[in-house]
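The values are calculated or read from the model by the stated rules, or taken from the named source; none is laboratory data. Only a predicted model underlies this, so the values are computations on that prediction, with no experimental measurement involved. Every residue, glycine among them, receives a Cβ derived from its backbone with ideal geometry; neighbour counts consider all protein chains shown.
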Amino acid sequence: MELGIGAFGDASRDPRTGTRISEAQAVRNVVESIVVAEQAGLDWFGLGEHHVPDFPVSAAAPVLAAAAQVTNRIKLSSAVTVLSTDDPVRIYEQYSTVDAISNGRVEMIPGRGSSIESYPLFGYDLQDYDRLFADKLDLLLEVNRSAHVTWEGTTRPTLTGQYVPPRAEHGQIPIWLGVGGNPNSVIRAASLGLPMATGVLGGSATRSSTNAQLYRHAAQQFGNTPEQTLIMLGSPGFLMQDGRQAREAWWPHWRQFMKTVGEQRGFLPPDRASYERDTAAGGGLLIGSPEEIAERILLMHEHWGHVRQYIHIDMGAVPQKDLLHAIELFGTEVRPLVQRELGNTSVDQLIGRASMPAVSVSGAAS
Amino acid sequence: MSNPSDRNQLPSRPPEPRISDPAPGGLHFGIGTFAFQYDDATGTPVPGAQVLRDVVDEAVAAERAGLDSFGIAEHYRRGMMDSAGPVVLAAIASRTETLRLGTAVTVLSTQDPVRVFNEFATLDAVSSGRAQMIVGRGSAIESFPLFGYDLAQYEELFDEKVDLLMRLLRDQPVTWSGRFRTALTEQVLEPQVSAGAIPVWVGVGGSPQSVVRAARFGLPLMFGIIGGSLSRFAALSRLYREASAEFGQVEQPIGMHVHGYIADTEEEAVERFWPVWSAVMNAEAPKRGWAPYRRERFDAEVAAGSLLVGSAETVAQRIAAGMQLVGASRFDFVAAASRMPHHDKKESIERFGTDVAPRVRALMMQPAEAATR
Amino acid sequence: MTVPINRVAILGAGRVGTSIARTLVDAGYEVTLAGSGRPANVEMIAAFTAPGASARWAHEATADADLVILALPLHRLSSVNPVVLAGKLVIDAMNYWPPVDGTIAAFEDAPAGSSVVVRELLGISHLVKTFNHTGYHDLEPDRRPAGHPERLGMAVAGDVAQDVALVAELINRIGYEPVALDRLEHGQQLQPGTPLFGARPTADDIRRSVTSSVVHSA
């Protein structure tokens, strides 16, 4: 079981002080979080893509590249790459470049993403989503497979054997399909033989695990190997040594985040009662002490059988020092507790990919 | 739809650190690179990924050697690894502190200026204000079919995209419409960058129209020089000054981007560089309809300073003379033509930074003396 | 239309469709799901995410259904053949939600609410709007038996009193207190951006909020 961190790069307004950090500082905070995650022994870090002032990381690959130079073990991933409004050729070029810089530590999660601002920004129609995503995913998988790409689709100019460099050094870049929870997307992941990255974003920690059963069954129907049939789960998360304190500290930030999202989308923010329910044992918000969160992950594992759990930490302007502390606890305390029960088999081992040696570049800063 | 994009309504944020360009009249010495795949000692091409890691290492060497900037090119072909420049530059940012990080050139005509902004603003954030770029046509054309653009529309594409990019860099929120991308309405982009903070130069290969275009945009001008006569660039430089005045634009600096190789002696430099450079030129010649590249021409270009091959002392003199002839205040050196193995490139970068640039600075302080040499 | 509802066809096997399917199966209804893909895929979806429901092509699922529930993304509405809905009692469980799903021209100018547009587009004579103000993730955990002190409400809006009554009984059976609204256009009071949307209201909350709105909009 691997444990990791997910982030957006948060520059939203702190509900307690009313201030914001600069957008550039939010970007640099992500790099710092990645460094701390590696130091804490965590296995993976995923970074999202948005185009709004609250979440200013509009280009994740450069941030991952910056982090790659000051880490040498942790996996670096998009979470998610908003595939439908981007060009798969450019995406591959960017991530294979990070892969080179990081000595083969890159992964990608193409997905829809939860926000839609990139559609008008890049001139796409959200109503066209299904066709865009299917077409672009097909090309991304093809570029990942073949150095010379011959491809014809409906969403971008035809490719006639063009060479798309740089080629990832250690074979294909691992691609997980980002699934929001729609059963049709679950089946799509299985039909493409792709591992699935999905989330529990509150509510019950286990209820939607029917999707895990659906995924495994469908994978079997499509004749996928066990190496292709892997699940990673992400959930909002925050830790302090004292669980009650953690829930108290996170609440104003979570409320602020949900309030902002609710104002944009026309729903009311969650009340304290539903927050209590979702953070209690069995709830889908991983907020608490290291022991509580470890226990929750073990419970989720019983239902989901996933191979990697990450917590998404930066929403609602939680101060960076508190986030770094939570990352430390997740790595140094939760990870050993979880791995004591579930073992420490890495995803690389499961997919039959040799773990990349931590090669230090000549003259690299330590 | 509600969009939290009106930054004016947000609480103010602290100012951002920035490594600024040299003051007007100051000199700037940088490195340009192409991320070519090269052969190792056994004649086997090194992995492309290694080439990129080498580039990062060369940039670190450039900063240590006291140089001001490092620029990476953009290509989409076998043997060249520079398809995602801002990503490489962001990696370099983590291992350097003062080096300005740029491109040479960003092939803007086949990019979306919004994505270019996103990538460079992100680079600017991770580097604490060190991003810059040179936009231009580039000499390669493979990006046009790759991204579905028509080379015949090059001029229109470039004009429209420079216009949008500069709007995005200078005056957000932007309301804009054009032919080649979807319109923008009161758009702000992230991460936020102070207006005008990221320097943009226009790279030109020698076309007078491109020079006039740069003048019209009021942007600094970078000459991409691959041999030939420097007096041609001196003439273009005068054209740029005159056109700038005509368009009512403030005078902007001029730079030169020149290939070369530095060794202990002129003879050694020539001996090592001639086979590499003649192979490069003769590989390109049939594709571009050039005459075969001969030694006489090479020797002439070395003597004229449009190829920098020699000892630190002779190269410095030629650079100073060339900069004065062209009226340039910035000089970017493409070490070892970016073709030789990592070790040679790195050594040439170090020599340029520690031995050549200080000499050029000194010579430029004594213009009369330098000009008479 | 006086036959009590027994067989329900749900068009849309996504998150909303499968959530509704589970609650209906639990309440003893005979449920058939139809999705955009092959029935084989929908069958898999049903087997794991709504056990007890079966899967068919849309035209087969609706043929002998007493009730059809529209639970597909609104932009896929054009994939529904109006013929299969002719004369049927139909629930519109969909929302027009531009901040999440993007804009759709036909629904941009809909002063009487999105369900009225759906009714016009598909020519449905017996259309009832319900389920739409409840999040799919809340639908199951928030069910409570009649008389439970914490029972939540569910609005049921439609023009034909008998249709509304039939659907209200179904809502009651799955575990919510139905609040009947006598006009389909009153359903707009429960759409995204209204105080009740996603708010987990009680029946009284709905009555308080909607009655006054209805008075003012009448």
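Assorted remarks:
- Looking only at residues in region B:250-268 that are among the β-branched types (V, I, T) and in contact (Cβ under 8 Å) with a residue 60 or more places away in the chain, the one that is surrounded by the most Cβ atoms within 10 Å (Cβ to Cβ) is B:I262.
- Among the residues of this structure, B:A140 counts as one that is more than 20 Å from A:V57 (Cβ to Cβ), assigned to a loop (DSSP other than H, G, I, E, B) and in contact (Cβ under 8 Å) with a residue 60 or more places away in the chain.
- Evaluated against (1) touching a residue at least 40 places away in the same chain (Cβ under 8 Å); (2) assigned to a helix (DSSP H, G or I), B:E284 falls short on exactly one condition, (1).
- Residue match in region C:166-185 (condition: more than 17 Å from the chain's Cα centre (by Cα), more than 14 Å from chain A (Cβ to nearest Cβ), farther than 22 Å from C:A106 by Cα and not polar (S, T, N, Q)): no
- Qualifying residue in region A:103-121 (condition: farther than 25 Å from A:I313 by Cβ and among the hydroxyl-bearing types (S, T, Y)): yes
- Residue match in region A:70-82 (condition: in contact with a Lys or Arg (Cβ under 6 Å, 6 or more places away or on another chain), crowded, with 24+ Cβ neighbours inside 10 Å and of a type outside the set (A, V, I, L, M)): yes
- Here A:P166, A:P183 are screened, and the one residue that is crowded, with 22+ Cβ neighbours inside 10 Å, in contact (Cβ under 8 Å) with a residue 12 or more places away in the chain and at the interface with chain B (Cβ under 10 Å from one of its Cβ atoms) is A:P166.
- Filter result (without any contact (Cβ under 8 Å) to a residue 60 or more places away in the chain, within 10 Å of chain A (Cβ to nearest Cβ) and within 23 Å of B:H28 (Cα to Cα)) within region B:50-79: B:V55, B:V56, B:V60
- Scope region A:232-287; condition within 14 Å of chain C (Cβ to nearest Cβ) and part of a loop (DSSP other than H, G, I, E, B); matching residues: A:G266, A:F267, A:L268, A:P269, A:P270, A:D271, A:A280, A:G282, A:G284, A:L285
- Test result for B:F120, among the aromatic types (F, W, Y), touching a helix residue (DSSP H, G or I) at 6+ places or on another chain (Cβ under 8 Å), buried (at least 24 other Cβ atoms within 10 Å of the Cβ) and within 13 Å of chain A (Cβ to nearest Cβ): yes
- Output for region A:195-221, where each listed residue is facing chain C (nearest Cβ under 9 Å) and either of a type in the set (F, W, Y) or in a strand (DSSP E or B) (or both): A:S204, A:Y215
- Long-range neighbours under 6 Å by Cβ, at least six apart or interchain, first residue in a helix (DSSP H, G or I) within region B:338-363, second modelled with pLDDT of 95 or more and polar (S, T, N, Q): B:S338/B:T33
- Breaking point among (1) part of a helix (DSSP H, G or I); (2) touching a residue at least 12 places away in the same chain (Cβ under 8 Å); (3) within 13 Å of chain A (Cβ to nearest Cβ), for B:S109: (3)
- Of all residues in region A:297-328, those satisfying the criterion of being within 18 Å of A:N211 (Cβ to Cβ), in a helix (DSSP H, G or I) and of a type outside the set (A, V, I, L, M, F, W, C) are A:H301, A:E302, A:H303.
- From the list A:L47, A:L64, the one residue that fits, being more than 10 Å from chain B (Cβ to nearest Cβ) and crowded, with 23+ Cβ neighbours inside 10 Å, is A:L47.
- Residue count for region C:95-154, restricted to those that are within 14 Å of chain A (Cβ to nearest Cβ), β-branched (V, I, T) and farther than 27 Å from A:R207 by Cα: 2
- Hits in region C:1-46 - residues which are touching a His at 6+ places or on another chain (Cβ under 7 Å) and either surrounded by 24 or more Cβ atoms within 10 Å (Cβ to Cβ) or within 13 Å of chain A (Cβ to nearest Cβ) (or both): C:M44
- A count restricted to region A:9-42 and to residues that are part of a loop (DSSP other than H, G, I, E, B), buried (at least 24 other Cβ atoms within 10 Å of the Cβ) and not aliphatic (A, V, I, L, M) stands at 3.
- Complete set of residues in region B:183-218 that are free of Cβ contacts under 8 Å to residues at least 60 places away in the same chain and either out of contact with any Leu (no Cβ under 9 Å at 6 or more places or on another chain) or of a type in the set (D, E, K, R) (or both): B:A183, B:T185, B:Q209, B:R213, B:R216, B:F217, B:G218
- Which listed residue is of a type outside the set (A, V, I, L, M) and part of a strand (DSSP E or B), from C:T23, C:T62, C:T32, C:T18: C:T32
- Helices (runs of 4 or more DSSP H) within region B:147-260 that include 2 or more residues within 14 Å of chain A (Cβ to nearest Cβ): B:154-170
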